[in-house]
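Engineer: Input: one structure, supplied below.
The values are calculated or read from the model by the stated rules, or taken from the named source; none is laboratory data. The shown structure was predicted, so the numbers you read here are calculated from the model rather than taken from an experiment. All Cβ positions, glycine included, derive from the backbone under ideal geometry; neighbour counts span all protein chains shown.
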Amino acid sequence: MRAPSTAEIAAGQVLLAVEDISLAFGGVKALTEVSFEIEKGEIRAIIGPNGAGKTSMLNVVNGFYKPQQGRIVFKGVSHSEMEPHEAAASGIARTFQNVALFKSMTTLDNIMAGRTLKMHRGLFWQILHVGPAAEEEIEHRRKAEEIIEFLEIPHIRRIPVGRLPYGLQKRVELGRALAMEPDLLLLDEPMAGMNLEEKEDMSRFVLDVNNQFGTTIALIEHDMGVVMDISDRVVVLDYGRKIADGTPDKVRDDPDVIKAYLGVSH
Amino acid sequence: MRADFTANADTFPKLLLINAATRANRPANRLKDYGVWQTWTWLQVLEEVRSFALGLAELGIGRGDKVAIIGGNRPRLYWTICAAQSLGAIPVPIYQDSVAEEMSYVLAHAAAKVAVVENQEQVDKVLSIAERVPELSHIVYDEPRGMRDYDHTRLKSFEDVQALGHAAGKSKYLGDAWERKIAETKGADVAVILYTSGTTGNPKGVMLSFDNVMISSRNANQFDRLTDREEVIAYLPMAWVGDHIFSYAQSYLAGFCVNCPESPETVVENRREIGTTYAFAPPRIYENLLTLTMVRMEDASRLKRAMFHFFIGVARKWGENILNRERVPLHARLLYGLGEILVYGPLKNRFGLSRIRVAYTAGEAIGPEIFRFYRALGINLKQLYGQTEASVYVTAQPDGEIYADSVGKPSPEVEIKIADNGEVLFRSPGVFLGYYKDPQKTAETKTPDGWVHTGDAGFFDPKSGHLKIIDRSKDVGRLKDGTLFAPKYIENKLKFFPNIREAVALGDKSDFVCVMLNIDLVSVGSWAERNNVVYGSYQELAADPRVYDMVAKDVDAVNRALAEEGPMAGAQIKRFLILHKELDADDGELTRTMKVRRSFIAERYAPLVKALYDGSEEVDITTQVTFEDGRKGAISARVKIRDMPIYPPAGEAAPLEKKAA
């Protein structure tokens, strides 16, 4: 139903390639030789049963886990391993399965925190708050306000996020990730624990982010309805291996996927 | 006082020219955007309106054309009203939450040529019905978000239209061409068409002339002594006549600033930031604020809670007298002053009502407790009664003459009479021209000599001379002896008591009035807990004689009040009973909006009604009920009936007034 986004227009351009990644914790193999690509502007879902290695995969992309084997090519640059702050600086932002916000800070402050990497003036100038430093802050605040308006949360701008209901906290977290103006946005179960209406809202925001800012999105999600509705392509993991990759329709009918989800004995 | 330059202007565009000259740098509009209040002065508003008006002219809008306006309260949508009027075109604001069906009816009925809308949501809605509205040639939107991928052949952004106008202003409309167009507008022209959603049938387009709107608003400004220093917040639908008068007409006339909130959720916060001095809200807004406060106070520390309750007690006792400038003992004044510092001030600040001078409530009856609470805090809350057909003002309460249950005295230049059936009729300079394209309905509502039927029944209170509205006139009946019987009026009086949740009044074509009640399980339940009354169910509690005693006191209070009220004195409650089950929408006893369905209930509980009128002391009844899971069952009960004393009508004026009614 949605209008062609920048996604489709720029289709075919690979933003991130995961090549042959293996990750083990001691003897436990979390990921085994996983490869897939994320194209510029698409919404890419990563699904799989519990313990399939989805969050581990995001953590590798994000630089939080160091894989024993394989490499990640982001924007044409190859990394065998990457520190989280390098990932952030190169344009990867993420949200977490369990909301990870600064609970006692307001919505606005949390979102401004997402701008940290974009601030160029040193602490000294920021404290003095004069000249270019003040201008810079005004610019950042403007961006933060755009996001607040975009996510329809002006009414909670000044409220400490710890006091907000869970659904709104999730939205603030998305806001903080957006504040980084990322090229790639990683969402770890953005709809977890939400009711139907909140899920619909969140789905709309994810689509809007993709459509409006052309942001490429990789998301982990358990709700199959949501995944099938909003994603362009789906990767299916099971026991750390990729078992399927393709459009939602194709993946849905894949016998391996059905087997994995129905829990056939291994 | 400065000279009133606006006295000779007879249309709003002319007023804009005057305001831009005499109050050039005073704020006219504010909008909170990106978390900051953006301000436009009258001079800036003039420039915005001029370029948009010329842009509309470029789109082919001219004299008599209709411009639909759909969206929330945004400065640009208010400017659209004035821009359209400056071209002799007629603005038609439409409720933004109306369903596509209703919107297409209004757009087609008004034959709107251009729709100016707020955002993508409204654009989508209008596009979805576009083929049913052939006259509509352009859609102009304010908020560009999400609009990038749309086909822009019929769509234009507000800026695009202004740019068109700006270019035209440099070539075609040199000099004062636009001002000359404005000079052509006249007071007798149609200024605006406001569609009112009737409860039945299609909405009717109420045509108001500049004279209607301006004279009513000018009178109201004088009545409440409004100046260009007022601050109001615009948050009620633009299609509603109240907002058109408060946030547009009165602002242009007095020159005060209209503030548009950031979003519907931030109104309270935005009101606090602005510090409104003049406000209007339906009763539910005041109720919500109060409930929120009470809930918050329950969570507060014990000291704060004790302080709150103590000073609210003081305010309830003396606040209204102080507000009405009556004589009050010194110690009360001191205590109230301390309360102002500790409790009332901070509370009013939270409500955003610290600087309020005049606040109105209207639309429906407000609970006297709620009404008095705000007045006790020193907020000048008043009631008014109005209609679209009257350009709002029919009656309003003058300062210092405030009653919780009246709607005030006739507004300046308004005449009121009460018809034989109790219906209120009025005649005023604000009376509408007619319903658009509907002379038949116009004739039904407006008599040839200018009297308008309100459809509401009411009477003048003999003591205060204030009008009281009792019910829709079609619902008002008569007892056998001819006494006026207004069921909703009696029911509302009962329901304002916390122990009574629902009430059903019977009496049309009968000898006397009876009521059937539901007790409020929360409030009576907590009473039972405090007094060690053991009960197992609603039914058991409702039948308890002590509960009957308690409720009888409330009914008695209603009777005493009715005795004081002239024509209503004959409709006192003679007998009552407490129903053995709670009225429920699932059983069809209430509508889904929780209004009692009187005739259905009378039929369903026929044995109870019969017993009320044949003098029995108690009666057995079995009732079918539907449980929440859809199963059906039956409740049997023995219901007791209580007789009540009737009071003689108070005062000499009462019988006279009865004759007049």
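Engineer: Name the pairs whose Cβ atoms lie under 8 Å apart, with the first residue in region B:178-194 and under 12 Å from residue B:91 (Cβ atoms) and surrounded by 20 or more Cβ atoms within 10 Å (Cβ to Cβ), the second modelled with pLDDT under 95 and among the β-branched types (Val, Ile, Thr), and 6 or more positions between them or separate chains?
Structural biologist: B:194/B:241; B:194/B:388
Engineer: If residue B:376 satisfies every condition in (1) surrounded by fewer than 22 Cβ atoms within 10 Å (Cβ to Cβ); (2) out of contact with any His (no Cβ under 7 Å at 6 or more places or on another chain) but one, which is the exception?
Structural biologist: Of (1) surrounded by fewer than 22 Cβ atoms within 10 Å (Cβ to Cβ); (2) out of contact with any His (no Cβ under 7 Å at 6 or more places or on another chain), only one is false for residue B:376: (1).
Engineer: Could you list all residues from region A:70-129 that are among the acidic types (Asp, Glu) and outside the structural domain of residue A:156 (by TED's automatic domain parsing)?
Structural biologist: A:81, A:83, A:86
Engineer: Same structure, new question: Is it true that some residue in region A:147-158 is out of contact with any Phe, Trp or Tyr (no Cβ under 9 Å at 6 or more places or on another chain) and either more than 14 Å from chain B (Cβ to nearest Cβ) or more than 22 Å from residue A:206 (Cα to Cα) (or both)?
Structural biologist: yes
Engineer: Which numbered condition trips up residue B:137, out of (1) crowded, with 20+ Cβ neighbours inside 10 Å; (2) within 25 Å of residue B:102 (Cα to Cα); (3) in contact (Cβ under 8 Å) with a residue 60 or more places away in the chain?
Structural biologist: (1) is the only condition that residue B:137 fails.
Engineer: Of all residues in region B:1-57 being basic (Lys, Arg) and away from every other protein chain (no Cβ under 14 Å), which is surrounded by the fewest Cβ atoms within 10 Å (Cβ to Cβ)?
Structural biologist: For region B:1-57, the residue satisfying everything is B:2.
Engineer: Same structure again: So which of B:211, B:224, B:228 is farther than 30 Å from residue B:355 by Cβ, touching a residue at least 40 places away in the same chain (Cβ under 8 Å) and either not hydrophobic (A, V, I, L, M, F, W, C) or not assigned by TED's automatic domain parsing to the domain that holds residue B:80 (or both)?
Structural biologist: B:211
Engineer: While we're here: Quickly run through region A:193-240 and pick out the residues that are more than 29 Å from residue A:153 (Cβ to Cβ) and either surrounded by fewer than 18 Cβ atoms within 10 Å (Cβ to Cβ) or within 14 Å of chain B (Cβ to nearest Cβ) (or both).
Structural biologist: Residue satisfying the conditions is A:239 alone.
Engineer: Also, quick follow-up: Can you give me the number of residues within region A:127-148 that are modelled with pLDDT under 90 and surrounded by 15 or more Cβ atoms within 10 Å (Cβ to Cβ)?
Structural biologist: 3
Engineer: While we're here: So how many residues does region B:244-279 have that are at pLDDT below 95, over 21 Å from residue B:41 (Cβ atoms) and not hydrophobic (A, V, I, L, M, F, W, C)?
Structural biologist: The qualifying residues number 7.
Engineer: Hey, another quick one. Can you tell me which residue among A:190, A:154, A:165 is free of Cβ contacts under 8 Å to residues at least 24 places away in the same chain, surrounded by 20 or more Cβ atoms within 10 Å (Cβ to Cβ) and of a type outside the set (D, E, K, R)?
Structural biologist: It is A:154.
Engineer: Conditions: (1) closer than 22 Å to residue B:104 by Cα; (2) among the acidic types (Asp, Glu); (3) within 14 Å of chain A (Cβ to nearest Cβ); (4) more than 31 Å from the chain's Cα centre (by Cα). Residue B:124 meets all but one. Number of the miss?
Structural biologist: So residue B:124 meets the others, but not (4).
Engineer: Turning to a different aspect of this structure: Here are the criteria: (1) over 18 Å from residue B:639 (Cα atoms); (2) surrounded by fewer than 17 Cβ atoms within 10 Å (Cβ to Cβ); (3) not aromatic (Phe, Trp, Tyr). Tell me which single one residue B:624 does not satisfy.
Structural biologist: Unmet condition: (1).
Yes/no matrix, rows are residues, columns are (1) modelled with pLDDT under 90; (2) buried (at least 20 other Cβ atoms within 10 Å of the Cβ):
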{"residue": "A:5", "(1), (2)": "yes, yes"}
{"residue": "A:8", "(1), (2)": "yes, no"}
{"residue": "A:11", "(1), (2)": "yes, no"}
{"residue": "A:16", "(1), (2)": "no, yes"}
{"residue": "A:29", "(1), (2)": "yes, no"}
{"residue": "A:42", "(1), (2)": "no, yes"}
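Engineer: How do the helices (runs of 4 or more DSSP H) wholly within region B:571-661 filter down when requiring 3 or more residues that are within 23 Å of residue B:540 (Cβ to Cβ) and modelled with pLDDT of 90 or more: which remain?
Structural biologist: Qualifying helices (runs of 4 or more DSSP H): B:606-614.
Engineer: Among (1) within 21 Å of residue B:368 (Cβ to Cβ); (2) loosely packed, with under 13 Cβ neighbours inside 10 Å, there is one condition residue B:545 misses while meeting the rest; what is its number?
Structural biologist: (1)
Engineer: Looking at region B:132-156 only, could you name the residues that are of a type in the set (Phe, Trp, Tyr), at pLDDT 90 or above and not in a strand (DSSP E or B)?
Structural biologist: Listed by number, the list is empty, since nothing qualifies.
Engineer: Tell me the helices (runs of 4 or more DSSP H) entirely within region B:283-369 that contain at least 3 residues that are under 22 Å from residue B:496 (Cα atoms).
Structural biologist: Qualifying helices (runs of 4 or more DSSP H): B:283-299, B:302-314.
Engineer: Further, regarding this structure: Can you tell me how many residues within region B:249-270 are assigned to a helix (DSSP H, G or I) and within 13 Å of chain A (Cβ to nearest Cβ)?
Structural biologist: Total satisfying the criteria: 7.
Engineer: Got at least one residue in region B:375-396 being within 24 Å of the chain's Cα centre (by Cα), among the aromatic types (Phe, Trp, Tyr) and modelled with pLDDT of 90 or more?
Structural biologist: yes
Engineer: Please return the ranges of helices (runs of 4 or more DSSP H) entirely within region A:74-145 where 3 or more residues are over 21 Å from residue A:176 (Cβ atoms) and away from every other protein chain (no Cβ under 14 Å).
Structural biologist: Correct list: A:123-128.
Engineer: A further question follows. Quick check on this structure: which one of B:462, B:429, B:398 is in a loop (DSSP other than H, G, I, E, B) and farther than 26 Å from residue B:369 by Cβ?
Structural biologist: So the residue among B:462, B:429, B:398 that is in a loop (DSSP other than H, G, I, E, B) and farther than 26 Å from residue B:369 by Cβ is B:429.
Engineer: Of B:490, B:469, which residue is in contact (Cβ under 8 Å) with a residue 24 or more places away in the chain, more than 25 Å from residue B:620 (Cα to Cα), of a type in the set (Val, Ile, Thr) and not in a helix (DSSP H, G or I)?
Structural biologist: Only one candidate qualifies: B:469.
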